[in-house]
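The values are calculated or read from the model by the stated rules, or taken from the named source; none is laboratory data. Here the structure is a predicted model, which means the values were calculated and not measured. When we count neighbours, we look across all protein chains shown, and the Cβ atoms used for this are built from the backbone with ideal geometry, even at glycine. Ligands, DNA and RNA are excluded from the accessible area calculation, which covers all protein heavy atoms including side chains. Shrake-Rupley method; radii C 1.70, N 1.55, O 1.52, S 1.80 Å.
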Amino acid sequence: MEFFTALLEHDFLQRALAGGLLAVIGCGIVGSYVVVQRISLLAGAIAHAVLGGMGIAWYFGAQPIIGALIAAVIAALVIGWVKLRFAEREDTAISAIWALGMAVGILFIARTPGYSVDLMGYLFGNLLMMSSSDIKLILALDLVIIGLVGLFYRQFLAVCFDPEFARVRGLHVERYYLLLLVLVALTVVMLIQVVGLILVIALMTLPAAIAGRFIHSLAGMMGLAVLLGMAFTAGGLALSYAPDLPSGPVIIVLAGLSYLVAAFLRRGAR
């Protein structure tokens, strides 16, 4: 009740809730593709490569989120290209991008005076510091994701479930696969402010994984994943407010416990 009372009084809580709820819209949609495709490790590499772009941007005085966006897209395209052209080296490429992004980010951060407070918020999330510009950026990314998924839903469906048949039918599978990875990159950037890049993959995959245990259509899975993500975000924000805990980790703990409960219930129903 203390949280709901404060929500009516404080603008920063209203922005935090609005930004978090908007972020999980794209998260639920793209996260469903990540779970179906089983590319969470690949998505993790994209998320950690983001640190390199953030560190470089911070060093040169630019906004870290812009560096994150550029680095995420580049990492997605590089990893996707290696996966498509040299599938046997996919694990090596993922590990290399993962480590390279982290290392470059740490080096540039180490050379940037006064980074420790501001940039750490991007690493571990700082939902309460959500600004109006952050909300506008998240809304714009949401619209891009929804627009592209709506436009190419059938193509993405074919790429996820039967790429060989789609290729025989003349579909440019590689092109749509790379586009799907770019959507993953956009989602990673969108979630940084909510839970930080360290916990991005958990929020991207857990709601979709829970939804996938109960719904077997991709569109239904997306819808339920969005609703679950909203519940976890709002619930985590509310639970973390009174004890003054970091909201990002509380959101992930709530999502993780819910996944364990869902797995137990699903197993018990068999």
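Structure values in brief
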quantity: Ranking by accessible area, most exposed first, for MET1, MET54 with a 1.4 Å probe; calculated: MET1, MET54
quantity: Anisotropy class of the chain from Cα gyration tensor, a/c 1.5 cut; calculated: oblate
quantity: Probe 1.4 Å, protein heavy atoms only - accessible area per residue of the stretch 129-189 in square angstrom; calculated: 53
quantity: Karplus-derived 3J(HN,Hα), 6.51/-1.76/1.60, for each residue of the stretch 3-18, Hz, glycine and proline x; calculated: 5, 5, 5, 5, 4, 6, 9, 10, 5, 5, 6, 5, 5, 4, 5, 4
quantity: GNM flexibility winner over the chain from LEU239, LEU206, LEU181 (Cα, springs under 10 Å); calculated: LEU239
quantity: Within a Gaussian network of the chain (alpha carbon springs, distance under 10 Å), most fluctuating of VAL34, VAL82, VAL200; calculated: VAL82
quantity: Approximate spin-label separation PHE161-ARG213, in nm, with each point projected 7 Å along Cα-to-Cβ; calculated: 2.3
quantity: Residue among THR112, THR187, THR233 with the largest mean-square fluctuation in a Gaussian network model of the chain, springs linking Cα atoms under 10 Å; calculated: THR112
quantity: Share of carbon and sulfur in the accessible heavy-atom surface of the chain [1.4 Å probe, %]; calculated: 67
quantity: Expected 222 nm ellipticity per residue - DSSP helices of 4 or more, -39500 (n - 2.57), all of the chain, to 500; calculated: -28000 deg cm²/dmol
quantity: Relative contact order of the chain, defined on C-alpha pairs under 8 angstrom at six or more residues apart (%); calculated: 31
quantity: Loop trypsin sites (Lys or Arg not before Pro), the stretch 116-185, which have at most 16 other Cβ atoms in a 10 Å radius of their Cβ (DSSP); calculated: ARG169
quantity: Estimated vicinal HN-Hα couplings, Hz - the stretch 134-146 in sequence order (Karplus 6.51, -1.76, 1.60; Gly, Pro = x); calculated: 4, 5, 5, 5, 4, 4, 5, 5, 4, 5, 5, 4, 4
quantity: Approximate spin-label separation LEU245-PHE4, in nm, with each point projected 7 Å along Cα-to-Cβ; calculated: 2.0
quantity: FRET E, pair ALA62, PHE124, Förster distance 22 Å, beta-carbon r, rounded to 0.05; calculated: 0.55
quantity: In sequence order, calculated HN-Hα J values of the stretch 57-64 (Karplus, 6.51, -1.76, 1.60; Hz; x Gly/Pro); calculated: 4, 5, 4, 8, x, 8, 6, x
